[in-house]
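Here is the structure we will look at.
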Amino acid sequence: GLMCPEPFAVTSNETCVIKYPDTVVDIVEPDLPPYSLIYPGPTLTTFPQHTIVGSTALVDIRSFLGARGSLGFRGMFGA
């Protein structure tokens with residue numbers, strides 16, 4: 001009886017949204033009153049992924065993840 005540990009993988013996605021400021025352009029023409037155009041700033045959304053791959057031979061996965069300081073993984077295990 002040789003026992004092999006089972007493979008183990010945990011993946012966590014944390015959405016990151018960045019909203020850049022709007023751009024305001026002032027237009028001045030000789031025959032018209034001045035006015036402004038507002039171009040909305042872009043919104044950048046990324047989905048960084050954190051993955052841990054190992055085996056069930058890890059004695060205490062919560063202490064291992066806590067040592068790494070990943071909030072996403074700690075939330076998954078209730079630690």
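The values are calculated or read from the model by the stated rules, or taken from the named source; none is laboratory data. For clarity, every value in this text was computed on a predicted model and none was experimentally measured. Surface accessibility is based on the protein's heavy atoms, side chains included, excluding ligands, DNA and RNA. Shrake-Rupley method; radii C 1.70, N 1.55, O 1.52, S 1.80 Å.
Projected area of the range 7-58, taken from the Cα convex hull and averaged over every viewing direction, in nm²?
Details: hull surface 17.6 nm².
So the mean shadow area of the Cα hull is 4.4 nm².
At a 1.4 Å probe, what is the % contribution of carbon and sulfur to the accessible area of the range 7-58?
62
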